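The values are calculated or read from the model by the stated rules, or taken from the named source; none is laboratory data. Fair warning: this is a prediction, and the values are worked out from it, not measured in the lab. Quick reminder, even Gly has a Cβ in these numbers, built from the backbone with ideal geometry, and neighbours come from all protein chains shown.
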């Protein structure tokens, strides 16, 4: 294995790893490198693309098929390799829990829809809707003054 470190304060930081196969060690190196050291960014995965997502452009995080996704401003769903409780601890105060499987960026909620059944949905700027649980709605009411 060869290790090279080039120090140049004028260039953007980049880490490139040429490996034979993905191993737990490589996963750990990737986690350390992409760890959210740059505040306001979270790593998102879409097929063969890895992208740093700015938290202020994320509409919501939700769990679907046992995977955590971030709905980004480009209307794409990026896989996030963190659990919702981990995201809750690291996200800014703009984010609010909607139900046990979704956290929303309060700045990206366009409106609240009250359904005939009495349930309330949050509709986002992109048009995506997420149901708000009764337990979480009390906090949202307090926060938004509804």
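Structure notes:
- Selection count, the range 89-122, where residues are assigned to a strand (DSSP E or B) and surrounded by fewer than 18 Cβ atoms within 10 Å (Cβ to Cβ): 6
- Answer residue from the range 123-133, given it is in contact (Cβ under 8 Å) with a residue 60 or more places away in the chain and in a strand (DSSP E or B) and is nearest to residue 69 (Cα to Cα) among those: 130
- Residues that are closer than 20 Å to residue 88 by Cα, modelled with pLDDT under 80 and in a helix (DSSP H, G or I) within the range 8-62 comprise 31, 32, 34, listed in sequence order.
- Yes/no for residue 86 being free of Cβ contacts under 8 Å to residues at least 40 places away in the same chain and either closer than 30 Å to residue 13 by Cα or assigned to a loop (DSSP other than H, G, I, E, B) (or both): yes
- Residue 80 being under 13 Å from the mean Cα position of the chain (by Cα) and surrounded by 16 or more Cβ atoms within 10 Å (Cβ to Cβ): yes
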